[in-house]
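Data block below; observations after.
The values are calculated or read from the model by the stated rules, or taken from the named source; none is laboratory data. Treat the numbers as computed from the prediction; the structure is a model and nothing was measured. Here the Cβ is made from the backbone with ideal geometry for all residues, glycine too, and neighbour counts use every protein chain on show.
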């Protein structure tokens, strides 16, 4: 799809916040990608069914939310295999993988290849884990709203988050989608981008080198 921007959400599904994010997306007729945690996916399968029915993409985040530079290659393989199998058993096979904190090691890349997963970072970060107001987050990502952009948000409270809820992320969805469309772009899942793995992604590259700039991912 030409002129598309991918809206992405990590760390769900969450029984409180994911339905509200889905409501906000429904209200704007926008679609997104949800990078889900496998244990939560198994616990709340109806939320995944709702995502799929609304045309959203379900992809893999993790089984255990641990940085890959703190795991052995075997542990990375076990995490991915367990999570991918969980999603397959639930009827939602994953095509893409965003690792915890976006951190990728050579072992991560090998495991991704073995499971046929495309590794996905981001080009614009709302930093919603901080709990900033929706308006502040919109200003933060506005300059990065360009064709092929991938926006990072969260529909759950991951490790390192300093906020107590995802209400401002819910509030962000409407204005964000409006701004995307005002720039003649379409909000879409990652899988519909012409280049789902953008080159020169600054946040993804910094994570690969071990940066801890994004504690809530």
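For the stretch 111-133, residues that are on the phi < 0 side of the Ramachandran plot and under 18 Å from the mean Cα position of the chain (by Cα) total 14. Counting only residues that are out of contact with any helix residue (DSSP H, G or I) (no Cβ under 8 Å at 6 or more places or on another chain), in contact (Cβ under 8 Å) with a residue 24 or more places away in the chain and within 12 Å of residue 125 (Cβ to Cβ), the stretch 138-157 holds 1 of them. In the set (1) part of a helix (DSSP H, G or I); (2) surrounded by fewer than 16 Cβ atoms within 10 Å (Cβ to Cβ); (3) touching a residue at least 40 places away in the same chain (Cβ under 8 Å), residue 160 fails one condition alone, (1).
Every residue, every condition in (1) without any contact (Cβ under 8 Å) to a residue 40 or more places away in the chain; (2) surrounded by fewer than 19 Cβ atoms within 10 Å (Cβ to Cβ); (3) assigned to a helix (DSSP H, G or I), yes or no:
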| residue | (1), (2), (3) |
| --- | --- |
| 83 | no, no, yes |
| 88 | yes, yes, yes |
| 93 | yes, yes, no |
| 113 | yes, yes, yes |
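One residue is enough: does the stretch 9-16 have a residue meeting the conditions surrounded by fewer than 23 Cβ atoms within 10 Å (Cβ to Cβ), in contact with a helix residue (DSSP H, G or I) (Cβ under 6 Å, 6 or more places away or on another chain) and at pLDDT 95 or above? No, that holds for no residue. Regarding residue 19, is this residue out of contact with any helix residue (DSSP H, G or I) (no Cβ under 6 Å at 6 or more places or on another chain), surrounded by fewer than 22 Cβ atoms within 10 Å (Cβ to Cβ), part of a loop (DSSP other than H, G, I, E, B) and free of Cβ contacts under 8 Å to residues at least 40 places away in the same chain? When the stated conditions are applied, residue 19 does not pass them.
Restricting attention to the stretch 101-109, does a residue exist that is surrounded by fewer than 17 Cβ atoms within 10 Å (Cβ to Cβ), in a loop (DSSP other than H, G, I, E, B) and touching a helix residue (DSSP H, G or I) at 6+ places or on another chain (Cβ under 7 Å)? No, because not a single residue in the stretch 101-109 is surrounded by fewer than 17 Cβ atoms within 10 Å (Cβ to Cβ), in a loop (DSSP other than H, G, I, E, B) and touching a helix residue (DSSP H, G or I) at 6+ places or on another chain (Cβ under 7 Å).
Of all residues in the stretch 126-157, those satisfying the criterion of being outside any helix (DSSP H, G or I) and exposed (fewer than 15 other Cβ atoms within 10 Å of the Cβ) are 133, 146. The set of residues in the stretch 165-179 that are more than 15 Å from residue 154 (Cα to Cα) and touching a strand residue (DSSP E or B) at 6+ places or on another chain (Cβ under 6 Å) contains only 177.
Of the residues contained in the stretch 165-185, none is found to be under 28 Å from residue 41 (Cβ atoms), at pLDDT below 95, surrounded by 16 or more Cβ atoms within 10 Å (Cβ to Cβ) and under 17 Å from the mean Cα position of the chain (by Cα).
Residue 189 satisfies every condition listed in (1) at pLDDT 95 or above; (2) surrounded by fewer than 19 Cβ atoms within 10 Å (Cβ to Cβ); (3) out of contact with any helix residue (DSSP H, G or I) (no Cβ under 8 Å at 6 or more places or on another chain) except (2).
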